[in-house]
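Nothing in this text is a laboratory measurement; each read-out follows from the coordinates by a stated rule. What you see is a predicted model; the values in this text were computed from it and never measured. Every residue, glycine as well, gets a Cβ built from its backbone with ideal geometry; the counts of neighbours run over all protein chains shown.
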Amino acid sequence: MSISPSALKHQIEAVQLFRLVQAGGDESEDGDELRDMMLVSWEEMTDHERELLRGLYRDLHMLSKDEVLDEEPATMDQFRVAWKSKDYTLVLHLLRKRRDPGLTDDKVAYIRGRAWGELGYREAALAFTTYAADASPHNGTYAYLALVDAIELDHVDEALARAAAIEAREDAPIRSFIAAAHALLRFAPDDDAARRFYERAAALLTRAIETESARLPTEQLPGLLAEAYIELGICREMLGDVNGAHDSYSDALKVDPKNDAALTARGLLLMNTDERAAERDFERAVQSGTPLVWPYLYLAPMYLGREEYRACIQVCSAAFKHALDQGDEQRANFYEWLAIANRACRAPEPIVEDLFARAGERAPLNLRIDENRRRQRDWEVVRDTSLEESRLRFREAHKWQSPLPAAA
Amino acid sequence: MGEQEERKDVRIPCMFRTMWPDGARPRVGTDRDVLGARVPADVNLVEAARVRPGKGMSVFRSIQQMPPFLIPKDYLARFPEAGGKRGKTIWRLGTEGFANGPVTDDLVLRAGSAHGALEPAREMPLDAYQAALAATRDGWVPV
């Protein structure tokens, strides 16, 4: 069931209200003004959402130790059945009837965080995962979840504070190190201070890699290790250490040979120094059906330049099928190269003209497309996205979109 | 409250509102959470000092249907979702069903499904509307 914008807004306001109360600010005008705003979102919600969020208010009372439990107790069996069947509304309901002493505050907060998160109320979830992490600071899973929730909700200050706390720990699980590094990488400022963020992230990733590598090979998680190596490579690129970055991407491929992000990152890195090696990486990434646009964007013009027209057509077609992150500039290039390759293969002219027209529609100011359209040979094959911009956009997308490792 | 007024109360729709107490009755005023309308938030101003129906002082059908953030935390034992400021009281006026209709000669209830407004019965001076609200003071009982 989809959640209305008003309900999503209200959960944020409810959490804000409880934080305000906790900070002793409820007697201020802020509390009254917040409640006035809350009335608007409350009245816009559906009856079902209002009922669900009444429960959120009950749950949030645990943050100030004011929670009142229902008189009728729930059994652990009821609770386990609800959890197993993923009935998260029922899980939350049963937690309000809990009696089992094994359900300590940190566990209850953790379960509530998971349940509210599964129901789509991420801000509410963060309130509980944060509580669990603070209530049980030695629990690595809680620390990790609180950090990931903060990152995904763009709570910059909170994410950076939690990352710093993990940095200071010696016993954090590898996931926490990676998530903390991810927070530093994602929220690094745009000024000179960024260097320090990348250095700190690189140090955390090195610790994560050392920790994971020390485990028995059968117990290692290749995907997790590869992700750590890729992020380390990105940090090293940002720090100007090209050789170190190359080593990191290669290490990622040693543990996960088909990792398309590592192949793409290394391919882009090699384009200046060893284009043939870059091509091999892009070929492997394209063969894997990567959703990243960059391998297609570099491989297609290489084939076209060598008059391997059929291969070029295959790569451009695959790009349209698989690459999810292409913009108009890249689409225009793919259509233009498809048009050229088809003309070279003597495809019917209406098909070629249609492809050139599609390219022109996506890049109306690009005069070269029209010039190529008028030519029968000696086409000018140019990739309109520069190498520098490709690298930058790959790194940015990776910072924002790479999956954080799942909790244990 | 006189005998005649008590008889009137029987026909008044039942409604609830959170307000600061002043002794055994709600505090009268024009601030938040008192017996009176906030200007301009709660009134439909025709001109500077005159109001007409369309807006009014907020009331609710029941405590169960009040937003949790308006139920004072002092009520937590009875309403575990209560998240309102402590120190206030929930008051009830009337006993009849929560429906559109007159409350006094100068006030009408405009009832929604859960929320309603105690509005002026017709266009009148703002002072008269506030006085009409204040005149209900003795009819409100703490819950």
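Work out, step by step, the length gained on full extension between A:SER317 and A:GLU380: first 0.36 nm times the residue separation, then minus their alpha carbon distance; give nm to one decimal. Walk me through the numbers before you get to the answer.
Working: separation 63, 0.36 × 63 = 22.68 nm, distance 2.02 nm.
Gain on extension, A:SER317 to A:GLU380, equals 20.7 nm.
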If amide H atoms are modeled at 1.01 Å from N in the peptide plane, then the residues at a separation of 5 or more from B:GLY29, or on another chain, having amide H under 5 Å from its own are B:LEU35, B:GLY36
To the nearest 10 degrees, the tilt of helix A:194-213 (Cα long axis) against the first principal axis of the alpha carbons of chain A is 80 degrees
In cubic angstrom per residue, the convex hull of chain A built on its Cα atoms measures 198 Å³
Comparing A:ASP325, A:ASP256, A:ASP190 in a Gaussian network model of chain A (Cα, 10 Å), the one with the largest mean-square fluctuation is A:ASP190
Counting sequence-distant residues (5 or more places) and residues on other chains, those with an amide H built under 5 Å from that of B:PHE98 are B:CYS14
Sequence order, segment A:290-298: Karplus ³J(HN,Hα) from phi using 6.51 cos²θ - 1.76 cosθ + 1.60, θ = phi - 60°, Hz rounded, Gly and Pro as x, gives 4, x, 7, 6, 4, x, 5, 5, 8
Calc'd 3J(HN,Hα), segment A:107-124, phi into Karplus 6.51 cos²θ - 1.76 cosθ + 1.60 (θ = phi - 60°), Hz, glycine/Pro = x, comes to 5, 4, 5, 4, 5, 4, x, 5, 5, 5, x, 5, 7, x, 9, 6, 5, 5
Here the FRET efficiency for A:ASP171 versus A:GLU307, based on Cβ atoms and R0 = 60 Å and rounded to 0.05, is 0.50
Counting other chain Cβ atoms within 10 Å of each Cβ in A:21-33 and taking the mean gives 2
Sorted largest first, the Cα spans of segment A:18-110 on the principal axes come out in Å as 45, 30, 23
Along segment B:16-33, Karplus-curve 3J(HN,Hα) (6.51, -1.76, 1.60; θ = phi - 60°) to the nearest Hz, with x for Gly and Pro, reads 10, 8, 8, 9, 5, x, 9, x, 8, 9, x, 6, 8, x, 10, 8, 6, 6
Length-normalised contact order of chain B, Cα under 8 Å, at least 6 apart, in percent, tallies to 31 percent
Here the net charge surrounding A:GLU167, from other residues whose Cβ is less than 13 Å away from its Cβ (Lys, Arg +1; Asp, Glu -1), is +2
Under the 7 Å Cα-to-Cβ spin-label approximation, A:GLN287 and A:GLN22 lie apart by a distance in nanometres of 5.2 nm
Each label sits 7 Å from Cα toward the beta-carbon; between A:ASP36 and A:ASP105 the label points are separated, in nm, by 3.5 nm
The extension gain from A:SER4 to A:ARG346, computed as 0.36 nm times the residue separation minus the Cα-Cα distance, is 117.7 nm
Expected unfolding gain across A:GLU71-A:GLU44 under the 0.36 nm per residue rule, minus the alpha-carbon gap, is 6.6 nm
Per-residue ellipticity at 222 nm attributable to helices in chain A (runs of n ≥ 4 DSSP H, -39500 (n - 2.57) apiece, nearest 500 deg cm²/dmol) works out to -22500 deg cm²/dmol
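How high is the FRET efficiency between A:ASP328 and A:ALA193 when r is their beta carbon distance and R₀ equals 25 Å, given to the nearest 0.05? Before the final figure, lay out the partial values.
Working: r = 34 Å, r/R0 = 1.36.
With a Förster radius of 25 Å, E is 0.15.
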With the 8 Å Cα cutoff and a minimum separation of six or more residues, segment A:216-325 has a relative contact order in percent of 18 percent
Most packed first (mean Cβ within 10 Å per residue), the peptides A:214-222, A:294-302 order as A:294-302, A:214-222
Expressed as a whole-number percentage, the relative contact order of chain A with C-alpha contacts under 8 angstrom and at least six residues apart is 8 percent
Amide H proximity to B:ASN44 below 5 Å, modelled H, separation 5+ or other chain, gives B:ARG52, B:LYS55
Quotient of Cα radius of gyration and Kirkwood radius for segment B:3-138, i.e. Rg/Rh, equals 0.96
